[in-house]
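Down below is the structure, laid out as structure tokens.
The values are calculated or read from the model by the stated rules, or taken from the named source; none is laboratory data. None of the values given here were measured: they were computed from a predicted structure. All Cβ positions, even for glycine, are placed from backbone atoms using ideal geometry, and neighbour counts span all protein chains on display.
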Amino acid sequence: MKKKKVFGKKQVLMAGLMLALAGAVWLNMEYSSGAGGFVGTNNNTSSVSDKNLGDTQYVANETEQEVTETAAPQADYFTTARSDRKKARDEALALLKETANDVKASEGDKAKANEKIAEIAGEIEKENAIESLVKAKGFEEAVAVIGEDNITVIVKSEELLASQTLQIQDAVTSQTDFSLEKIKIVAIK
């Protein structure tokens, strides 16, 4: 009797891609939370610099003595986050489609790959709906990231009021089955 492999190369590669995606999201939140932080946390420490990404800086030209304004675009964070999320998902979908179309793959592996493709498509649809709802509630920018057992919503805001937090939570709960404790909201200036 031939013994089947439990984990093949494709399954290990897929797990690695998922871990890389989770790590990228975590690092992104970790390094961007210094400005806005998680809701309910106090980031007013003396070691935090007074400079923030996107702040305007005036530079004097010594020869002409005129002042020039330079600013880093704030929308770059949200554009980059969406781009990174799309790239990671495209890579995962390509691998899943390869597995689903592989003639050597078992029917069970093909079925699992197709289920995961449908799951990712559903997550994309939910994230887009949440982002649209959050923007409709008055936020200029929003990015939603659905994880294995939680969701993170990143919004452009100086600080979040309790009413704004409830609006975001309402948008998430109307589109997903996540409980309130599984919803993380991050404000970025």
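Structure values in brief
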read-out	value
Only one of N114, N128 that is at pLDDT 90 or above, closer than 26 Å to K10 by Cα and surrounded by 11 or more Cβ atoms within 10 Å (Cβ to Cβ)	N114
Test for A129: is it among the aliphatic types (A, V, I, L, M), under 19 Å from Q164 (Cα atoms) and in contact (Cβ under 8 Å) with a residue 24 or more places away in the chain	yes
One residue from V172, V186, V155 being touching a Gly at 6+ places or on another chain (Cβ under 7 Å) and crowded, with 16+ Cβ neighbours inside 10 Å	V186
Region 92-104: number of residues that are surrounded by 15 or more Cβ atoms within 10 Å (Cβ to Cβ) and either charged (D, E, K, R) or without any contact (Cβ under 8 Å) to a residue 60 or more places away in the chain (or both)	2
Complete set of residues in region 171-189 that are without any contact (Cβ under 8 Å) to a residue 24 or more places away in the chain and over 18 Å from G122 (Cβ atoms)	S179, L180, E181
Pairs where the first residue, in region 154-166, is farther than 20 Å from E181 by Cβ and the second is in a helix (DSSP H, G or I), C-beta under 8 Å, 6+ apart	K156/F78; S157/Q164
Any hit, region 82-105, residues being part of a strand (DSSP E or B) and modelled with pLDDT under 90	no
